[in-house]
1. Of 111, 26, 119, how do they rank once you tally other Cβ atoms within 10 Å and put the fewest first?
2. Please list 3J(HN,Hα) in residue order for the range 199-207, calculated via the Karplus relation 6.51 cos²θ - 1.76 cosθ + 1.60 where θ = phi - 60°; whole Hz, with x for glycine and proline.
3. Please report the antiparallel percentage of the DSSP beta bridges confined to the chain, to the nearest 5.
4. Going 7 Å from the Cα of residue 158 along its beta-carbon direction, which residues of the range 177-207 have the amide nitrogen within less than 20 Å of the resulting point?
5. With +1 on each Lys and Arg Cβ and -1 on each Asp and Glu Cβ, and nothing else charged, work out how big the dipole of the chain is about its Cα centre, in Debye to the nearest 20.
6. For residue 168 and residue 77, calculate 0.36 nm times their separation in residues minus their Cα-Cα distance, and state this gained length in nm to one decimal.
7. Test of understanding: ordering 175, 106, 180 by Cβ neighbours within 10 Å, fewest first, what list do you get?
8. If a/c stays under 1.5 just call it rounded; otherwise compare a/b with b/c (prolate if a/b is bigger, oblate if not). Do that for the range 87-190, with a ≥ b ≥ c from the square roots of the Cα gyration tensor eigenvalues.
Amino acid sequence: MPVVLVANPKGGVGKSTLATNIAGYFASQGHAVMLGDIDRQQSSRLWLGLRPPAAAPIRSWDANADGDLLKPPPGTTHAVLDSPAGLHGKRLKEVLALSDAVVVPLQPSIFDIYATRDFLDRLAERTAGTRTRVGLVGMRVDARTLAAERLREFVGQLGLPVVAELRDTQNYVQLAARGLTLYDIAPGRVQRDLEQWQPLTAWLDAR
């Protein structure tokens, strides 16, 4: 069962947006998907509570009183984990042991870039020699700006792939408020965003 971890130690970079839409993509492909939320804010769990019954089903991946993820029930084929800001140490090691892929959202801000650098270094150390792949996703990126160019220069020094660059759009906000993803509505309404997601979904499927 592939498990995708969405992680970044900085808050407000778009982890829950990525996690919910990755889960929505898997569900749209007919997979039996679980979405886990190990963040105390429980944003993804809240989103699941808003999800309409007619949408492709996504189940919650529950944790026990200690925050340990319970074993997914039989039949689950794909899982996505939304993680908290400040994920490190033993907790990071535990979730990485479960994960086949780690998606790191990163905004084109000098503060976000440097706040993420140490985490990426630790991630590289912990995943070296393992089956776990790491990919970066630029969030709220305007490709025409100097900030976007700085982000590409920074990432170019890391040896990690940028698997997608996603624009800043209200589509994500409006869909999240209804428990929906890009993959739950008519493609024509979000065509530009779906095109930006194609490299990311191809990377996720290339196990």
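1. Values: 111 9, 26 26, 119 18.
Arranged by neighbour count, lowest to highest, 111, 26, 119 become 111, 119, 26.
2. My calculation for the range 199-207 gives x, 5, 5, 5, 5, 5, 7, 8, 8 Hz in order.
3. On the way: 1 of 26 bridges.
Antiparallel bridges: around 5 percent, rounded to the nearest 5.
4. Within reach of a label on residue 158: 196-206.
5. Numbers: 24 positive and 21 negative charges, 20 e Å.
I would put it at about 100 debye.
6. Numbers: separation 91, 0.36 × 91 = 32.76 nm, distance 3.08 nm.
Net length gain for the segment: 29.7 nm.
7. On the way: 175 23, 106 26, 180 20.
Ranking 175, 106, 180 by Cβ neighbours within 10 Å, fewest first, gives 180, 175, 106.
8. Details: a/c = 2.19, a/b = 1.33, b/c = 1.65.
Verdict is oblate for the range 87-190.
Where a number appears in this text, it was derived from the coordinates with a stated rule and is not lab data. Nothing here was measured: the structure is a model prediction, and the numbers come from that model. As a convention, Cβ positions derive from the backbone with ideal geometry for all residues, glycine included, and neighbour counts pool all protein chains shown.
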